[in-house]
1. For the chain, what is the mean residue ellipticity at 222 nm derived from helices alone (per DSSP H run of n ≥ 4: -39500 (n - 2.57); sum divided by total residues; nearest 500 deg cm²/dmol)?
2. Work out Dmax and Rg for the stretch 37-118 from the C-alpha atoms and quote the Rg first, both in angstrom.
3. Can you sort C54, C130, C86 from fewest to most other Cβ atoms within 10 Å of each residue's own Cβ?
4. Using θ = phi - 60° and the Karplus curve 6.51 cos²θ - 1.76 cosθ + 1.60, what whole-Hz ³J(HN,Hα) does each residue of the stretch 80-88 get, with Gly and Pro shown as x?
5. Just to check I understand the Karplus step: with θ = phi - 60° and J = 6.51 cos²θ - 1.76 cosθ + 1.60, what whole-Hz values come out for the stretch 114-127, glycine and proline as x?
6. Give the shape of the stretch 52-96 as rounded, prolate or oblate, defined through the alpha-carbon gyration tensor: a ≥ b ≥ c are the square roots of its eigenvalues, a/c under 1.5 means rounded, and otherwise the shape is prolate if a/b is larger than b/c and oblate if not.
7. Using θ = phi - 60° and the Karplus curve 6.51 cos²θ - 1.76 cosθ + 1.60, what whole-Hz ³J(HN,Hα) does each residue of the stretch 156-164 get, with Gly and Pro shown as x?
8. Over its Cα atoms, what ratio of radius of gyration to 2.2 N^0.38 Å does the stretch 3-173 give?
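Since every read-out is calculated from the coordinates, none of them should be taken as a lab result. Given the structure is predicted, the values throughout are model-derived calculations rather than measurements. Note: ideal-geometry Cβ built from the backbone for every residue, glycine included; neighbour counts use all protein chains shown.
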Amino acid sequence: MVLTVSVTHIFQLPIEEVVKIYFKHHPQFRTLDGELQSVQQIEHTYNEEDGISCIKSNLTYSNFIPKILRKNPKLEEPDLVMEEECWIDMVENHYWVRLRNITWNDSVSILRTTAFTPDSQNPKWTRYECDGAVEFQNWGWVGQGIEIFMRNKDKKIILQNIELLNEKIEEHKMKNNES
C-alpha cells in the first residue's frame with residue numbers, strides 16, 4: 001500500500017528571495033528529517049543549453065524507524081542513506097529538491113519532492129508544493145504500520161519546513177528593514 005502526503009503553501013515573496021533563503025539555510029532543513037550524520041556530494045552537473053543545474057548528495061541519517069516497529073531484522077540498519085537531488089532551472093524559474101531512500105531500495109520506497117514555482121495567481125509570490133510517498137512492499141502488517149508512521153512523520157516534517165522557512169523569511173525581512 002502506498003501512503004502519500006501533499007502540502008501546498010504560498011509565500012508572499014518573489015521566488016528568487018524564497019529560494020535564496022531556503023538554500024542558504026538548507027543544512028537546517030535537512031536536519032528536520034532526523035539525526036543527520038553526514039552529507040556527501042556525489043555529483044554536480046550544469047547544462048548550459050537549458051540552464052539546469054543539479055547537485056546530488058547522499059545523506060546519512062541515524063535509523064529513524066522506532067524500535068517497536070523494527071520487527072524485521074532488515075530494519076535494524078544503524079544508518080539510513082537517502083539520495084538528495086537539488087535542481088535549479090534558471091530559465092523557467094523553477095527549483096525542486098527530491099529525496100529518496102538508498103537503504104532498503106529493493107523493497108521500500110521513501111520519496112519526497114519539494115518544488116518552488118512562481119504562483120499562477122500572483123507571479124510575485126512563491127508556490128511551495130511538497131509531495132511525499134512511502135511504500136513497504138510485501139512487508140505485511142509491519143510494513144503498513146511503518147507506512148503510517150512514515151506518512152505522519154513526513155507530514156510533520158513538511159509542516160516544520162514551512163514553519164522554519166517562514167521564520168527565516170521574517171528574519172530576512174527584519175534585516176532588510178534595519179539596513
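1. After summing the helix terms and dividing by the residues of the chain, the value is -10500 deg cm²/dmol.
2. According to the Cα coordinates of the stretch 37-118, Rg and Dmax are 15.7, 51 Å.
3. The fewest-first ordering by Cβ neighbours comes to C54, C86, C130.
4. Here the 3J(HN,Hα) series is 10, 9, 10, 9, 10, 10, 9, 10, 10 Hz.
5. The phi angles translate into 10, 10, 10, 9, x, 5, 5, 7, 9, x, 7, 10, 10, 9 Hz.
6. prolate
7. So the J values, rounded to whole Hz, are 4, 5, 4, 5, 5, 4, 5, 4, 5.
8. Computed over Cα atoms of the stretch 3-173, the ratio equals 1.09.
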